Amino acid sequence: MCRIWEDKGGVSIKREPCVHMENKRMRICVLPYDGGRIISLYDKKYGFEQIWTNQRTQNLTRYYAANYDDLSASGIEEAFPTVQPCVYEGVELPFFGEVWSAPWEYELLTFGHAVAIRLWCSSSVFPAKITKTFMLEQDSTTLTTEYIVENIGPGAFPYIFGVHPSVCITEDTQILVPQGRYKTGFLYPPSLTQEKTFDWPCLEKMDLSHAYTFSNNLCLNFYTESVQQGSYGFFHKSRGCGMEIRFSPEDFPCLSLWLIYGGWRGHYCVMSEAFTCWPAVLTEAIKLKMHQTLQPSRKKTYVVYYDLLG
C-alpha cells in the first residue's frame with residue numbers, strides 16, 4: 001500500500017493546505033506554503049514521530065528576511081544561497097537564505113508502486129529555481145529527498161546549500177555520529193563556551209553519544225568540515241526504533257549537530273545541518289574559495305535519505 005492525498009483543511013489555525021503520503025511503515029506530512037517543510041515523518045510500526053517541530057511558532061507567519069532562530073517552525077528545511085546572513089554585492093542576504101520562508105508550488109505524483117510530492121520555488125535575489133521531490137516507495141523504510149538547484153539567469157552565481165532536519169529524541173536516545181575530530185561551536189551554559197576540538201563522543205567529561213535530560217539545561221553544538229562518512233542517526237532504546245540520515249560526503253562535506261537539552265530556548269531535540277561548505281557565510285566562503293558555483297542553465301542535484309531503524 002502506498003497512497004498520497006491533499007488536506008486543504010490544513011494542520012494549524014492558518015488552515016494552509018498540507019500534503020500527506022504514506023506506505024505500510026511511515027507517514028509523511030508536508031506544508032507547501034510554509035517553506036515546503038516536512039513537518040512529520042511518523043513511524044507507524046512503533047508509533048513514534050521522528051521529526052521535531054517547534055509548536056510555539058507553528059502558527060506564526062514566516063516571511064522573507066525573518067530571523068530564522070525566532071520564527072522557524074523546524075521540521076526539515078533548506079538553506080540557500082547562504083546560511084548565516086551577509087551582504088553580497090550590496091544586497092543583504094537573510095539568515096538561512098531565501099527559500100526556507102517562501103511558499104512553494106507543488107504537485108502530487110503517482111508512478112508504479114511509488115508516490116511523490118514535487119515542490120518548487122524561486123529565490124528573489126539570486127536567479128535560481130529550487131526543486132525538491134519527496135518520494136516514498138511501497139513497503140520501503142526509506143524516504144528519498146532530491147533537491148535540484150537550477151541557474152535561470154545569464155551569469156554564474158556562487159552559493160551555499162544546506163539541509164536542516166530537526167529530530168525528536170527521548171531521554172534514552174543514542175546519538176549515532178561517525179568517529180572523527182569535531183570542533184565545538186555554540187555551547188551552553190557559558191562555562192562551556194571555550195572553543196574545543198574533540199574526538200567523538202567525548203567532550204571533556206561528557207559522553208555525547210547518549211541524550212541528556214531536559215533538566216540538564218544544555219545546548220551542545222559541534223561540527224566537522226570534512227565528513228568522512230555521510231550518515232548519522234538516532235536510536236530510541238525504550239521505543240526500539242530510530243532513524244538514519246544518509247547523504248554524499250562529496251555533496252555535503254560539512255556536518256553540524258545541535259544537541260538541545262533545554263539549553264536553547266527551552267527546546268528538547270537535535271537540530272542537524274548538512275552543508276556544502278564551511279564557513280556557512282557566503283561572503284566568507286567566497287573569500288576562502290569554498291563556495292559552490294553554478295553556471296547559466298546548469299543544474300546541481302543533491303540527495304538525502306531518511307531510513308527508519310527497527
Starting from the amide H of ALA102, placed 1.01 Å from N in the peptide plane, find each other amide H under 5 Å away whose residue is 5 or more places distant or on another chain. GLY35
Heavy-atom accessible area of LYS8, protein chains in place, probe 1.4 angstrom, given in Å² to nearest 10, is 150
Any idea of ARG15's accessible area? Nearest 10 Å², probe 1.4 Å. 130
In this structure, among LYS205/LYS289; LYS24/LYS205; LYS196/LYS237; LYS183/LYS237; LYS205/LYS237; LYS45/LYS132, pairs with alpha-carbon gaps over 32 Å are LYS205/LYS289; LYS24/LYS205
What ³J(HN,Hα) values, in whole Hz, does the Karplus curve 6.51 cos²θ - 1.76 cosθ + 1.60 give for segment 90-96 when θ = phi - 60°, with x put for Gly and Pro? x, 10, 7, 8, x, 4, 6
State to the nearest 20 debye the size of the charge dipole of the chain about its Cα centre, where the only charges are +1 on K and R beta carbons and -1 on D and E beta carbons. 300
Scan around GLY185 for amide H atoms under 5 Å from its own, H built in the peptide plane at 1.01 Å from N, and keep only partners 5 or more places away or cross-chain. ASN221, PHE222, TYR223
Given a 1.4 angstrom probe, I'd like the percentage of the accessible area of the chain that is carbon and sulfur, rounded to a whole number. 50
Nothing charged except the Cβ atoms of Lys and Arg (+1) and of Asp and Glu (-1): what's the magnitude of the dipole of segment 155-310 about its Cα centre? Round to the nearest 20 debye. 400
Surface per residue (accessible, 1.4 Å probe) for segment 186-259, Å²: 48
Would you kindly derive the ³J(HN,Hα) couplings of segment 241-248 from the backbone phi angles with the Karplus curve 6.51 cos²θ - 1.76 cosθ + 1.60 (θ = phi - 60°), listing them in order in whole Hz, with x for Gly and Pro? 9, x, 8, 10, 10, 10, 7, 7
Please list 3J(HN,Hα) in residue order for segment 175-189, calculated via the Karplus relation 6.51 cos²θ - 1.76 cosθ + 1.60 where θ = phi - 60°; whole Hz, with x for glycine and proline. 9, 9, 10, x, 4, x, 8, 10, 10, 7, x, 6, 9, 9, x
Could you point to the residue in CYS86, CYS202, TRP278 farthest towards the positive end of the chain's charge dipole, with +1 and -1 charges on the Cβ of Lys/Arg and Asp/Glu respectively? CYS202
In whole angstrom, the spacing between the Cα centers of segment 42-82 and segment 145-215 equals 16
In terms of solvent-accessible area of protein heavy atoms at a 1.4 angstrom probe, what is the ranking of GLU146, GLU77, GLU92, highest value first? GLU92, GLU146, GLU77
Among (i) 1.04; (ii) 0.97; (iii) 0.95, the entry matching Rg/Rh (Cα atoms, Kirkwood Rh) as calculated here is (iii)
Probe 1.4 Å, accessible area per residue of segment 70-167, Å²: 34
Solvent exposure, largest accessible area first (probe 1.4 Å, DNA, RNA and ligands not counted), of LEU257, LEU309, LEU60: LEU60, LEU309, LEU257
Modelled FRET efficiency - R0 41 Å, TRP5 with ASP69, Cβ distances, 0.05 increments: 0.80
Quick calc, segment 1-157, dipole around Cα centre from Cβ unit charges on Lys, Arg (+) and Asp, Glu (-), nearest 20 debye, gives 580
Starting from the amide H of TRP200, placed 1.01 Å from N in the peptide plane, find each other amide H under 5 Å away whose residue is 5 or more places distant or on another chain. GLY180, TYR182
Going toward the positive end of the dipole of the chain, with +1 on Lys and Arg Cβ and -1 on Asp and Glu Cβ, which of ASN151, CYS254, ALA114 do you reach last? ALA114
Of GLN50, PRO178, TYR302, farthest towards positive along the dipole that unit charges on Lys, Arg, Asp, Glu beta carbons give the chain: GLN50
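The values are calculated or read from the model by the stated rules, or taken from the named source; none is laboratory data. For clarity, every value in this text was computed on a predicted model and none was experimentally measured. With ideal geometry, Cβ positions are generated from the backbone for all residues, glycine too; neighbour counts draw on all protein chains shown. Side chains are part of the model used for accessible areas, which takes the heavy atoms of the whole protein and leaves out ligands, DNA and RNA. Shrake-Rupley method; radii C 1.70, N 1.55, O 1.52, S 1.80 Å.
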